[in-house]
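Reading through the structure tokens given below for one structure.
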Amino acid sequence: FLPKKRKQRDSLINLKIQKENPKVVNEIDIEDLNSANVCYCRCWRSKTFPVCDKSHIKHNELTGDNVGPLILKKKIL
Ligand code: FES
């Protein structure tokens with residue numbers, strides 16, 4: 001049985017991105033999307049955060065996790 005604070009620390013998601021900020025928030029204007037797909041990181045391991053650099057593959061191998069990016073696609077009408 002771990003103390004509550006210790007259990008919360010062990011469950012950190014963000015290990016190193018913008019730790020100087022109290023909260024990491026990213027804003028993306030949908031109008032700025034071009035015709036290509038844009039992948040946004042949800043594993044918090046990308047070196048190009050908030051854009052996915054495929055670091056989730058290594059993270060999943062090491063941890064047994066199953067996270068992947070958010071892929072935004074623009075419909076071409
Ligand atoms: Fe984080 Fe791909 S690098 S989801």
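The values are calculated or read from the model by the stated rules, or taken from the named source; none is laboratory data. Please read these numbers as outputs of a predicted model, since none were measured by experiment. Please note: Cβ atoms are built from the backbone with ideal geometry, for glycine as well, and neighbour counts cover all protein chains shown. Only protein heavy atoms, including side chains, enter the accessible area calculation; ligands, DNA and RNA are left aside. Shrake-Rupley method; radii C 1.70, N 1.55, O 1.52, S 1.80 Å.
Evaluating ILE71 against the criteria (1) closer than 22 Å to LEU12 by Cβ; (2) surrounded by 10 or more Cβ atoms within 10 Å (Cβ to Cβ) leaves one unmet condition, (1). Checking the stated criteria, LYS58 turns out not to satisfy the condition of being on the phi > 0 side of the Ramachandran plot and open to solvent by 90 Å² or more (accessible area, probe 1.4 Å). For region 16-26, the count of residues that are within 12 Å of the ligand (Cβ to nearest atom), part of a loop (DSSP other than H, G, I, E, B) and modelled with pLDDT of 95 or more is nonzero. When you check GLU61 against the structure, is it more than 8 Å from the ligand (Cβ to nearest atom), modelled with pLDDT of 95 or more, among the acidic types (Asp, Glu) and more than 16 Å from ILE13 (Cα to Cα), yes or no? Yes: the conditions hold for GLU61. Residues in region 27-75 that are within 10 Å of the chain's Cα centre (by Cα), not in a loop (DSSP other than H, G, I, E, B) and not hydrophobic (A, V, I, L, M, F, W, C): TYR40, SER55, HIS56.
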